[in-house]
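Notes follow the structure.
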Amino acid sequence: MSLIESARSSVKVAIAGACALGMLASSAMAGVITIGTTGATITCSVACEGFSGAGGLDIDPAAPDTIDPTGLGTLGSVAQLYNGSPANEAAEGARLSTLVGASVGAGTKFDPPGNPFDSLALYIVLKIGAHDIFIKNTSGGSQTYTYALNGATGVGLSHYTTFGEVEIPLPAAAWLMIAGIGGLGFASRKKKAA
């Protein structure tokens, strides 16, 4: 076996191992957010958190749907139900800005929603039944979201709206750049050897 064939074999084994570890890490880190007391959930393929507190509904789907966020929300594994009317990007952005404590800018609405769906957004507002829930992407990148009713009624997914994009940390970008340069070097050597 030549040196080049040996190197190729080692690279293939390393890539297969990295893919397997990535899949295991992804499934181990998946976040599940409970939607109030409804039984419905949203699963994030990597990591996310839901907003609660700050004047939302009493985490009770039977409560009157008239309460908007009134201050900073807290993040956790439960997404509280908030007033979902009117259901437009401007109103959703205003409510989210109140929970975050800063302007989140303009949103992009996806209707029909698709389920599961992928997003690189920093914040996602899901319109479920007469309610809104607010999610923060804590993964540092794009991920897949899956909404599940789990037998709940009155909280079907109507649409979702995205706000902002996650900032990929510089170290991750640096590793991607190094890998790309390494790949170019490997391709260059392969071309010279042939």
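Placing +1 at every Lys and Arg Cβ and -1 at every Asp and Glu Cβ, with all other atoms neutral, what dipole size does the stretch 29-168 have around its Cα centre, in debye to the nearest 20? If you can, show how the numbers build up before the last one.
On the way: 4 positive and 12 negative charges, 19 e Å.
Charge dipole, the stretch 29-168, about its Cα centre: 100 debye, nearest 20.
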### Task
May I ask for the distance between the Cα centers of the stretch 69-95 and the stretch 101-123, given as a whole number of Å?
13 Å
### Message
Apply the a/c threshold of 1.5 to the C-alpha gyration tensor of the stretch 29-168 and tell me whether it is rounded, prolate or oblate.
### Response
rounded
#### Entry: Approximate spin-label separation Ala102-Ala179, in nm, with each point projected 7 Å along Cα-to-Cβ
2.9 nm
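Sort the following peptides by mean Cβ neighbour count (other Cβ atoms within 10 Å, averaged over residues), highest first: 31-37, 157-163. Mind showing how you got there, number by number?
Details: 31-37: 20.1, 157-163: 21.9.
Highest to lowest by the protection proxy: 157-163, 31-37.
Each value in this text was obtained by applying a stated rule to the coordinates, not by laboratory testing. These figures come from a predicted structure and were not determined experimentally. No Cβ is skipped: glycine too gets one built from the backbone with ideal geometry, and neighbour counts run over all protein chains shown.
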